1. Where does the charge balance sit around N18 when Lys and Arg score +1, Asp and Glu -1, over other residues with C-beta under 12 Å from its C-beta?
2. In a shell of Cβ-Cβ distance under 13 Å around A159, excluding A159 itself, what net charge do Lys and Arg (+1) and Asp and Glu (-1) give?
3. Taking the Cα centre as origin and putting +1 on Lys and Arg beta-carbons and -1 on Asp and Glu beta-carbons, what dipole magnitude results for the chain, to the nearest 20 debye?
4. I'd like the FRET efficiency for S67 and E147, computed as 1/(1 + (r/R0)^6) with the beta carbon distance as r and R0 of 41 Å, rounded to 0.05.
5. Return the subset of K39/K138; K39/K241; K57/K154; K158/K231; K22/K222 for which the Cα-Cα distance in this structure is over 19 Å, preserving the input order.
6. Give me the accessible area of K22, 1.4 Å probe, in Å² rounded to the nearest 10.
7. Enter the accessible area of E24 (Å², nearest 10), with the probe set to 1.4 Å and all protein chains included.
8. Around G118, under 11 Å between beta carbons, what's the net of Lys plus Arg minus Asp minus Glu among the other residues?
Amino acid sequence: MFKFLKNDVLRILDETQNERVKLEEHRLYYSIQSIDDLKIFMENHVFAVWDFMSILKSLQSQLTCTSVPWIPSEKGTPARLVNEIVLEEETDIDQYGQYVSHFEMYCNAMVQVGADTGPIDEFLFNLINNPLPVAMQKSRIPNPALEFVSSTFKSLDKAPAHVTAAIFTFGREQVIPDMFRSIISKMNRELKGKLKSFLYYIDRHISLDEDEHTPAALKMVKEICGNDEKKWEEATEAAQKTMSCRIRFWDGILSQINST
């Protein structure tokens, strides 16, 4: 096992370089050439958008007090950072000036594209009165999304804050801007003209993630891991695992696109 230095975020980035390159160069981005291709992508990816919020709220519950009666968390800087991210992810401003979550923006974009929101709507309805595994079993979740969400919640089960922070930071925030930028660059001009809501969502994500959320998330990992070498090692392992899951998710969606 390698030796970590103090606040060694750069070491995590180095150890996950192979996974990051695979994500940046994934063939999925070149395969989204039509509205039908994009529908397949979005009908899977919407579950990752929901999954993202679940990771974020899990992290918030670990770093702040979200129950009543309130008790000080004594985790000032990480608590502030996660609360700032939650504010914009859960109540951002959409293209019409309304306050909505990024998840809701994404669902609205799906409607504009003509993608099927039935499975995600059904899943959320089933979650109201069922535990997660039952809701997943009852819902028509696409197989790549089902595998991805199942893996996420398996990793989150009893995970300490530094592991949750690594999953969030390196498996979500840190890879999202390049992912969306690649998708946009591969779309033809005609396709872009039909996707105003989706492009607004992507532009907003790229802007927030690169300028605010990724730096905040990296700082959060540093604050939580501190000088604890074991935490850094576990954070690295979690980062590698969650990025590998994302690669398999992309592989699954690509397979669906190629089979149509």
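The values are calculated or read from the model by the stated rules, or taken from the named source; none is laboratory data. Source: prediction; values computed, not measured. As a convention, Cβ positions derive from the backbone with ideal geometry for all residues, glycine included, and neighbour counts pool all protein chains shown. Side chains included, ligands, DNA and RNA excluded: accessible areas come from the protein's heavy atoms. Shrake-Rupley method; radii C 1.70, N 1.55, O 1.52, S 1.80 Å.
1. With Lys, Arg at +1 and Asp, Glu at -1, the neighbours total -3.
2. +1
3. Numbers: 29 positive and 38 negative charges, 68 e Å.
Here the chain has a charge dipole of around 320 debye.
4. 0.80
5. K39/K138; K39/K241; K22/K222
6. My reading of the accessible area for K22 is about 120 Å².
7. Accessible surface of E24 is approximately 80 Å².
8. -3
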